[in-house]
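> Please find one structure pasted underneath; my questions will follow.
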Amino acid sequence: MINREIIRIKIVQLTYAYYQNGNKNIDTAEKELFFSLSKAYDLYNQLLSLIVAITREAQRRQEVLQAKALREGSKMPSAKFTSNRFALQLESNIQLGEFMETQKRTWADYPEFIGKMFEQIEQSQIYQDYMNDKEDNYAADRELWRKLYRTFVQENEDLDSLLEEQSLYWNDDKDVVDTFVLKTIKRFDEKNGDKQELLPEYDSEEEKDYARKLFRATILNANDYQHMMTEASQNWDFSRLAYMDVIIMQIAIAEMLTFPSIPLSVTINEFVELAKFYSTPRSAGYINGMLDTIARHLINTGRLLKQMDKKDNN
């Protein structure tokens with residue numbers, strides 16, 4: 001699950017923290033990097049378990065309504081939502097259950113929030129359409145939760161605030177992790193039952209190696225990379241650059257030089273996007289120009305055995 005987008009974000013954060021920390025120990029910083037990455041995987045599991053928590057709240061309310069209907073001799077409420085096949089399969093998932101057993105805090109600790117989310121869902125057109133639809137199969141049940149997740153979980157300020165309370169590591173992770181939750185929903189297959197595999201923490205050891213090598217190259221070769229920036233800045237006073245700009249370019253140069261298989265256009269574009277989020281409004285354009293200049297210089301001097309593709313020729 002942990003991909004290079006998440007890794008780049010974490011390395012920007014941890015590199016910045018490394019230089020702010022008076023005790024600059026790279027081994028300690030590397031451990032913090034991998035701990036931070038593991039927390040992104042925790043968030044993935046927490047968001048999947050949110051579906052289970054909402055379903056359980058619906059079941060609790062359903063039981064109250066059923067008891068009332070029995071007492072009054074009135075029509076029994078529909079159990080379609082509480083019997084959603086996808087949600088029940090997720091609830092019984094062995095991997096998710098094992099993860100939740102290790103957590104000190106669960107969604108059961110936030111009953112008001114879960115109750116409010118269910119009420120919002122219950123009042124939505126998505127819910128009403130589902131309850132009124134005669135189609136009743138696993139695919140429709142799974143599609144319901146894909147729609148509900150996109151509508152009520154992806155863009156939810158209350159949820160964002162609550163997650164920030166739970167872990168400071170999750171501040172910048174959710175947008176990326178949301179895409180993996182949606183991918184997981186799509187991949188669920190009824191025949192797999194409670195043994196349906198969730199996404200692994202890492203797709204391969206290659207991603208771990210990428211994180212370790214990029215972080216270490218960024219720190220260990222900092223002076224060399226900053227010298228390249230100074231040369232490329234020409235008419236700019238390097239000392240007046242935003243500190244985060246320097247960090248972002250330092251990591252980008254490390255990726256250019258350390259990973260021959262990653263195209264230059266990918267590296268430049270990815271770090272320009274990070275600059276839009278982490279630095280000043282003018283940083284993205286400046287960093288784009290600087291990295292382009294540095295890459296061309298490294299190619300011309302034989303230090304970089306890559307080529308600028310058409311997207312890089314501005």
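The values are calculated or read from the model by the stated rules, or taken from the named source; none is laboratory data. Owing to the predicted nature of the structure, the values given are computational and were not obtained by experimental measurement. Backbone-built Cβ (ideal geometry, glycine too); neighbour counts: all protein chains shown.
> Does residue 262 count as part of a loop (DSSP other than H, G, I, E, B) and either within 14 Å of residue 8 (Cα to Cα) or in contact with a Pro (Cβ under 7 Å, 6 or more places away or on another chain) (or both)? First the steps, then the outcome.
Working: part of a loop (DSSP other than H, G, I, E, B): yes; either within 14 Å of residue 8 (Cα to Cα) or in contact with a Pro (Cβ under 7 Å, 6 or more places away or on another chain) (or both): yes.
When the stated conditions are applied, residue 262 passes them.
> Then there's this: Select from the range 151-207 the residues that are touching a residue at least 40 places away in the same chain (Cβ under 8 Å) and among the basic types (Lys, Arg) and write down the one among them that is farthest from residue 12 (Cα to Cα).
195
> Continuing with this model, one more query. Within the bounds of the range 213-223, is there any residue that is over 23 Å from the mean Cα position of the chain (by Cα), assigned to a loop (DSSP other than H, G, I, E, B), among the polar types (S, T, N, Q) and under 27 Å from residue 28 (Cβ atoms)?
Yes.
> Right, residue 257: at pLDDT 95 or above and over 14 Å from residue 8 (Cβ atoms) or not? Before you say what the answer is, go through the steps one by one.
Details: at pLDDT 95 or above: yes; over 14 Å from residue 8 (Cβ atoms): yes.
Here the answer is yes, as residue 257 does meet what is asked.
> Can you name the helices (runs of 4 or more DSSP H) wholly within the range 1-111 that have at least 3 residues being surrounded by fewer than 18 Cβ atoms within 10 Å (Cβ to Cβ), free of Cβ contacts under 8 Å to residues at least 24 places away in the same chain and not assigned by TED's automatic domain parsing to the domain that holds residue 127? I'd like the intermediate steps shown before the answer.
Details: elements: 4-20, 26-72, 85-91, 94-101.
Those helices (runs of 4 or more DSSP H) span 26-72.
> Identify the residue in the range 157-189 that is at pLDDT below 95 and in a loop (DSSP other than H, G, I, E, B) and, among all such residues, is surrounded by the fewest Cβ atoms within 10 Å (Cβ to Cβ).
Residue satisfying both the conditions and the ranking: 171.
> With the structure loaded, tell me whether residue 211 is free of Cβ contacts under 8 Å to residues at least 60 places away in the same chain and either surrounded by 19 or more Cβ atoms within 10 Å (Cβ to Cβ) or touching a strand residue (DSSP E or B) at 6+ places or on another chain (Cβ under 8 Å) (or both) or whether it fails that test.
Values: free of Cβ contacts under 8 Å to residues at least 60 places away in the same chain: no; either surrounded by 19 or more Cβ atoms within 10 Å (Cβ to Cβ) or touching a strand residue (DSSP E or B) at 6+ places or on another chain (Cβ under 8 Å) (or both): yes.
So residue 211 does not fit the description; no.
> Please go through (1) surrounded by 13 or more Cβ atoms within 10 Å (Cβ to Cβ); (2) without any contact (Cβ under 8 Å) to a residue 40 or more places away in the chain; (3) closer than 30 Å to residue 86 by Cβ for residue 272 and return the number of the only condition it doesn't satisfy.
It fails just one condition, (3).
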